[in-house]
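Engineer: The structure that follows is given in the form of structure tokens.
None of the figures in this text is laboratory data; all of them are computed from the coordinates on show. Everything numeric in this text was worked out from a predicted model, so none of it was measured. Neighbour counts run over all protein chains shown; Cβ positions are idealised from the backbone, glycine included.
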Amino acid sequence: MSKKARTAGDKGAKTPLAAKIFLGVVALYLLIPFATTFVYSLFVEWTDVLPSGFTLRNYTELFTNATFWLSIGRTLILCLVSVIITIALLLLAMYVVVAVNRKLGRFMQFACMIPYALQGVILSIGIISLYTGTGTLLSNRMVMLFGAYTILVLPYIYQGIRNALNAIDAEMLIQAAEMLGCGRFRAYVQVVLPNIISGILVSSLLAESIVFGDFVLANNIAGTNYQNIQVFLQANMDRSSGLSSAIVVIIFLVVGAVTATVLKLQSGTQKSQKE
Amino acid sequence: MAAPAPTPASRRLKTRRWMGYAALVPFLLVVLAYEFLPLAQLLIDSLVGKESGTVGVENFTKIFTTPLYQQSIVNSVWISLLSAVVGIVVAFLAARFAYESSARVRNAFTLVLNMMSNFSGVPLAFAFMVLMGNSGVLTILGQRFGIPFLADFDLYSSQGLTVLYVYFQIPLATLLLLPAFAGIRKEWREAATILKATTFDYWFKIVIPNLMPSILGTLSVLFSNALAAYATAYALVMNNFALLPLQITSKFKGDVQVDAATGSALAVVLIVLMVVCTLVNNYFTKRAAKGREIV
């Protein structure tokens, strides 16, 4: 595909005017809501055609707000822990598919793609109605939240791991290692895993940005008990629009940085594949 | 299996084989506890009648006869469909133009798409409030310069929701459609011109039919994406709107008492809609892949 796209690009070296105008309008339309919020966050008020009174007050207020840092910390913990749990679960499970019984691949795909089809609302209310009030460890809101996030990021990490395993032909590697007298599990850990780590990295980053951007699960399961950054934003929206605009900018910058890293890593692997 | 007396070596191999499956256990436990059992719980709750307490379709009958829930389903489907169709039309044109552009323009445009495809949910709702809310920037502009569409625009309505949904559909749709255009050959255009086909013929009889599987597949992704969207709608109108995800959530969480029976039945309706979308998408994805092989 990438080869085709490249030849197409070479042919259409000159951009038609109509294309420039249309793409420009769409890009502008997509950028305006964020750009407005960004400008809004830098001014005292915007009650006329133009904003007035440049200030960094919103940001200084935000950065000295302990609740903000707590919610950022919670969000990071949720991101890291749930993504690491999912990676560990899937790496173990995929060992069985690659080295023991590859027929299980279909089941894995089924189980991992369900969350993609269902998304947050269904997942969160299913978990709440199953565990709330059972009085066990499972009814702990935090445990529920980690469980929910683990499921939420399954599709993304599964795709990443599966593609990486296919790319290096893990089955053949394990067979080769076995012929040389290495156990299957050891071959998986010592030969296969080091080779797929970089492939998993991209999908993990993608999963991080999904957890970072989640509002549904955090709000439905934990709510105000364990505010993540999105719930924090929602709680502040009615109170202070200046502060909220600064939070929106910070969220956008963080997710944007992660996305840029993902894109960079992806184009890097594409290039090395071409060579 | 009638095997000869197992030697220690073969027995060890068998244990090892069995041990291999142990690696699957943690995954199975988590998937069971947080994916399959919660779904089963919803399904069971939806089938146990709220008043009668017996198994049956009582909850579903109630949903389909209560105006609020009827309205929620209609609104959800309508807003999702409308935003998906508008999204795909804009995305088709954008992908077409991006494909005709130089690599530099295309890369810059794709970067904007990737960046803005993350801009959804609560931040997006807030940005539109700044832009078009009661004292939004555009609203003020509309009042100053006498543009009634901007001045009187009601963001906190189905009209406003549609505008927001269209916004988050466009980058997603374009990113999904762009690769499909790589399958359109330059030679087709030349062949069509030689055969005296008009530009209209070229687009509507060659390009669009060829891209149809990708277009319909993308459409179903967009539809289900809008159907399940919660954060954007909640941040804008809270639970005070007849929309499926909002009504479902309010039954489990909110000021009123928990009503798992009705909530689960509504959730099952949403699940069915989503599953249909996924099946439609799978069908068209396979068709699209097949189509490209032939070409």
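Engineer: Tell me whether chain B comes out rounded, prolate or oblate; compute the Cα gyration tensor, take square roots of the eigenvalues as a ≥ b ≥ c, and use a/c under 1.5 as the rounded threshold.
Structural biologist: oblate
Engineer: Which pairs break 26 Å Cα to Cα here: B:K196/B:K286; A:K264/B:K186; A:K20/B:K196; A:K14/B:K286; A:K103/B:K286; B:K62/B:K251?
Structural biologist: B:K196/B:K286; A:K264/B:K186; A:K20/B:K196; A:K14/B:K286
Engineer: Take the alpha carbon gyration tensor of the protein assembly as shown, find the square roots of its eigenvalues, order them as a ≥ b ≥ c, and report rounded if a/c is under 1.5; if not, report prolate when a/b exceeds b/c, else oblate.
Structural biologist: Here the protein assembly as shown falls in the oblate category.
Engineer: Between A:N163 and B:N240, take the C-beta separation as r, use R0 = 60 Å, and let me know the FRET efficiency to the nearest 0.05.
Structural biologist: 0.85
Engineer: Let me ask something additional. Spin-label point model (7 Å from Cα, Cβ direction): what's the A:L193 to A:M113 distance in nm?
Structural biologist: Result: 2.9 nm between the two label points.
Engineer: Using a Gaussian network model of chain B whose springs link C-alpha atoms within less than 10 Å, name the residue from B:I194, B:I215, B:I170 with the highest mean-square fluctuation.
Structural biologist: Maximum fluctuation in the GNM of chain B, among the listed residues, is at B:I194.
Engineer: Taking segment A:91-160, which trypsin sites (Lys or Arg not before Pro) meet the DSSP loop condition and have no more than 14 other C-beta atoms within 10 Å?
Structural biologist: Working: sites: A:R102, A:K103, A:R106, A:R141; in loops: A:R102, A:K103.
Passing sites in segment A:91-160 are A:R102, A:K103.
Engineer: Also, I was wondering about something else. Given R₀ = 41 Å, FRET efficiency for B:R185-A:N140 by Cβ-Cβ distance, to 0.05?
Structural biologist: Plugging the Cβ-Cβ distance into 1/(1 + (r/R0)^6) gives 0.10.
Engineer: Go through segment B:183-237 and name the trypsin sites (Lys or Arg not before Pro) that are in a DSSP coil and have 16 or fewer other Cβ atoms within 10 Å of their Cβ.
Structural biologist: Sites meeting the loop and neighbour criteria: B:R185, B:K196.
Engineer: For segment A:145-153, just list the computed ³J(HN,Hα) in residue order, Karplus coefficients 6.51, -1.76 and 1.60, θ = phi - 60°, integers in Hz, with x standing in for Gly and Pro.
Structural biologist: 5, 4, x, 5, 5, 4, 6, 4, 8
Engineer: Please find the FRET efficiency linking B:K205 to A:L76, where r is the Cβ-Cβ separation and R0 is fixed at 51 Å, and quote it to the nearest 0.05.
Structural biologist: That pair, B:K205 with A:L76, gives E of 0.45.
Engineer: Right, here's the next one. If the cut-off is a Cα-Cα distance under 12 Å, which aspartates and glutamates reach B:K50, setting aside same-chain residues fewer than 8 apart in sequence?
Structural biologist: Partners found: B:E58, B:D259.
Engineer: Going by a ≥ b ≥ c, the root eigenvalues of the Cα gyration tensor, does chain A fall in the rounded group (a/c under 1.5), the prolate group (a/b larger than b/c) or the oblate group?
Structural biologist: Numbers: a/c = 2.50, a/b = 1.31, b/c = 1.91.
Oblate, since a/c reaches 1.5 and b/c is not below a/b.
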